[in-house]
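Scroll down for the structure; my scribbles are underneath it.
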Amino acid sequence: MSFGVVFPGQGSQRVGMLEEAAGAFSIVSDTFSEASEALSFDLWQLVSQGPMEKLGLTEYTQPAILTASVALYRAFTEFNAFQPSAGAGHSLGEYSALVSAGTLSLADGVRLVRQRGAAMQDAVPVGVGAMAVVMGLADGVVTDTCNSISSTDSFVDGVNFNAPGQVVIAGHAAAVEAAVAALKDAGARRAVSLPVSAPFHTPLMKPAAEAMQQAFEDVNWSTPQYPVVSNVDGSLQTNVNSIRESLVKQISAPVLWTKCMATLRESGCNHFVECGPGSVLSGLSKRIDKSVPIKSIETVAAIETGVTDL
């Protein structure tokens, strides 16, 4: 068996996540302590006690999800002597994948994603942008419909190509609203706004991309222990310069998740482990290809059974 590891993005955070795993595996609490020291605040207290209003703020959500994902990866690999062949992460999750692969230290990773969250929020005033999920239409129908509505001053387009029949769109709020109505008319099974405060992965995020390009200059980068797939083009990457360039582009470019998963399969990965809170990527994987086994490892039982049930 050849294993791919995948890491989720924002949206799976919740107060109390990893409480069970932290009680069973000291490496989980140690990972949160390491992140807290880098951030100069108690991340575990926020994750375990809330308030949810603060945990839900992008600049706190991103380091919380990254730390939780890396903690689970460390617990799983330590307990099972597990070694993946390649990895990928959805949006923010790409940073989790790179920390787990040794390209970034955890300290640099959490500081970078905190900056990333703040920069993405600052790029567009609250209320100006919006995102929505569209179910039941082909990618081309979604993008063609968005293109027919979009203009220079009122942008909307597909930004997360998550699985066949599931696309997230984003842009200016009015354009997204118009696209949702048009996509329903085009036969979408579902088209609803998402509770986010900024239009991520659109050209409106260019100021955030520029800020992060500067932040990357102050970080030490290492060759990953295994290839990590780029969200931007679905390529397997091991070159540090290419990884940095892709991360800059990723902030304002669509996430090609269906393509990322195809790349992992084409590279020989025939089993997957989802490292992070929740099981969103497991659900997407089943939509993409039901025949490929995938396991979410948030619980103690899932960690301890390793890959025996895959």
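The values are calculated or read from the model by the stated rules, or taken from the named source; none is laboratory data. All of these numbers come straight from a predicted model, not from anything done at the bench. In this analysis, Cβ positions are derived from the backbone assuming ideal geometry, glycine residues included, and neighbour counts consider all displayed protein chains. Please note that ligands, DNA and RNA were not included when accessible areas were found on the heavy atoms of the full protein model with its side chains. Shrake-Rupley method; radii C 1.70, N 1.55, O 1.52, S 1.80 Å.
For this structure, a couple of remarks:
- Residues that are in a helix (DSSP H, G or I) and touching a residue at least 24 places away in the same chain (Cβ under 8 Å) were ranked within the range 281-295; the one that is most open to solvent (accessible area, probe 1.4 Å) is Arg287.
- Checking each residue in the range 101-115 for being open to solvent by less than 10 Å² (accessible area, probe 1.4 Å) and either among the small types (Gly, Ala, Ser) or modelled with pLDDT under 95 (or both) picks out Ala101, Gly109.
- Pair list, Cβ under 7 Å, 6 or more apart: the range 48-74 residue farther than 21 Å from Ala119 by Cβ, other residue surrounded by fewer than 19 Cβ atoms within 10 Å (Cβ to Cβ) and among the acidic types (Asp, Glu): Ser48/Glu19
- Residues of the range 27-71 satisfying the condition of being in a helix (DSSP H, G or I) and of a type in the set (S, T, N, Q): Ser29, Thr31, Ser33, Ser36, Gln45, Ser48, Gln49, Thr58, Thr61, Gln62, Thr67, Ser69
- Every pair of residues 6+ apart whose Cβ atoms lie under 9 Å, when the first sits in the range 137-164 and is in contact (Cβ under 8 Å) with a residue 60 or more places away in the chain while the second is among the acidic types (Asp, Glu): Gly158/Asp139; Phe161/Asp139; Pro164/Asp139
- Residues of the range 220-246 that turn out to be part of a helix (DSSP H, G or I) and over 13 Å from Ala88 (Cβ atoms), as a count: 5
- A residue that is assigned to a helix (DSSP H, G or I), in contact with a Pro (Cβ under 8 Å, 6 or more places away or on another chain), open to solvent by 50 Å² or more (accessible area, probe 1.4 Å) and not hydroxyl-bearing (Ser, Thr, Tyr) cannot be found anywhere in the range 73-91.
- Selection status of Ala215, of a type outside the set (D, E, K, R), open to solvent by 40 Å² or more (accessible area, probe 1.4 Å) and either within 27 Å of Phe32 (Cβ to Cβ) or part of a strand (DSSP E or B) (or both): no
- The range 142-172 - residue that is more than 24 Å from Gly283 (Cβ to Cβ), small (Gly, Ala, Ser) and outside any helix (DSSP H, G or I) and, of those, least open to solvent (accessible area, probe 1.4 Å): Gly171
- Checked across the range 242-252, the condition of being open to solvent by 50 Å² or more (accessible area, probe 1.4 Å), among the aliphatic types (A, V, I, L, M), in contact (Cβ under 8 Å) with a residue 12 or more places away in the chain and over 21 Å from Ala170 (Cα atoms) holds for no residue.
- Flag if Pro8 is in contact with a Pro (Cβ under 8 Å, 6 or more places away or on another chain), closer than 19 Å to Glu274 by Cα and crowded, with 23+ Cβ neighbours inside 10 Å: yes
- When Ala198 is tested against the conditions (1) open to solvent by 10 Å² or more (accessible area, probe 1.4 Å); (2) within 30 Å of Leu264 (Cβ to Cβ); (3) modelled with pLDDT under 95, the lone failure is (1).
- Out of Ala118, Ala138, sole residue that is open to solvent by 10 Å² or more (accessible area, probe 1.4 Å), closer than 18 Å to Glu59 by Cβ and either of a type outside the set (Val, Ile, Thr) or more than 17 Å from the chain's Cα centre (by Cα) (or both): Ala118
- Per the listing Gly9, Gly4, the residue uniquely of a type outside the set (A, V, I, L, M, F, W, C), in contact with a strand residue (DSSP E or B) (Cβ under 9 Å, 6 or more places away or on another chain) and in a strand (DSSP E or B) is Gly4.
- Within the range 12-54, considering residues that are buried (at least 17 other Cβ atoms within 10 Å of the Cβ) and at pLDDT below 95, the one nearest to Leu236 (Cα to Cα): Ser12
- Residue count for the range 256-280, restricted to those that are open to solvent by less than 10 Å² (accessible area, probe 1.4 Å), farther than 16 Å from Phe3 by Cβ and either of a type in the set (Asp, Glu) or touching a Pro at 6+ places or on another chain (Cβ under 9 Å) (or both): 1.
- For the range 174-194, filtered to residues that are within 8 Å of Met131 (Cα to Cα) and of a type outside the set (Ser, Thr, Tyr), the residue that is surrounded by the fewest Cβ atoms within 10 Å (Cβ to Cβ) is Leu194.
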